[in-house]
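Data block below; observations after.
Every read-out reported here was derived from the displayed coordinates using simple, explicitly stated rules and does not represent laboratory data. Owing to the predicted nature of the structure, the values given are computational and were not obtained by experimental measurement. Every residue, glycine among them, receives a Cβ derived from its backbone with ideal geometry; neighbour counts consider all protein chains shown.
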Amino acid sequence: MSDQSDTLPEVENLSFEEAMAELESIVRRLEGGQAKLEEAMDSYARGTALRAHCQRKLDEAEARVQALVPGPVPGLRDVE
């Protein structure tokens, strides 16, 4: 990866909100099409890791809600 990886925090250490904000920033940069190829590839890889991290955080939150609420929760899928 580029020098960018030296200054960014590890994805696993980010809160959901921090990861989502960084992911949104990456999407805007990539959609702008101004990044050089190597930078775009690095950003895409970071974005993929951020998306997976956000999904894990959402899954964990959903499991916690299901554990707190007796019975099925409308709109939530089953978490195993």
Just round it to a whole percent: the fraction of Cα-Cα distances in the stretch 4-68 exceeding 17 Å. 44
Short version: ³J(HN,Hα) in whole Hz for each residue of the stretch 63-70, in order, from phi by Karplus 6.51 cos²θ - 1.76 cosθ + 1.60 (θ = phi - 60°), x for Gly and Pro, what are they? 5, 5, 5, 4, 6, 7, 9, x
Given points 7 Å out from each Cα along the Cα-Cβ axis, report the residue 63 to residue 51 separation in nanometres with one decimal. 2.2
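Lys and Arg at +1, Asp and Glu at -1: add these up for the other residues within a Cβ distance under 13 Å of residue 35 and post the number.
Numbers: positive: 28, 29, 36, 46; negative: 31, 38, 39, 42.
Taking every other residue near residue 35 into account, the sum is 0.
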Given 17-25, 35-43, the highest-first ranking by average Cβ count within 10 Å works out to 17-25, 35-43
Counting other C-beta atoms within 10 Å, which of 65, 27, 11 has the fewest, and how do the rest follow? 65, 27, 11
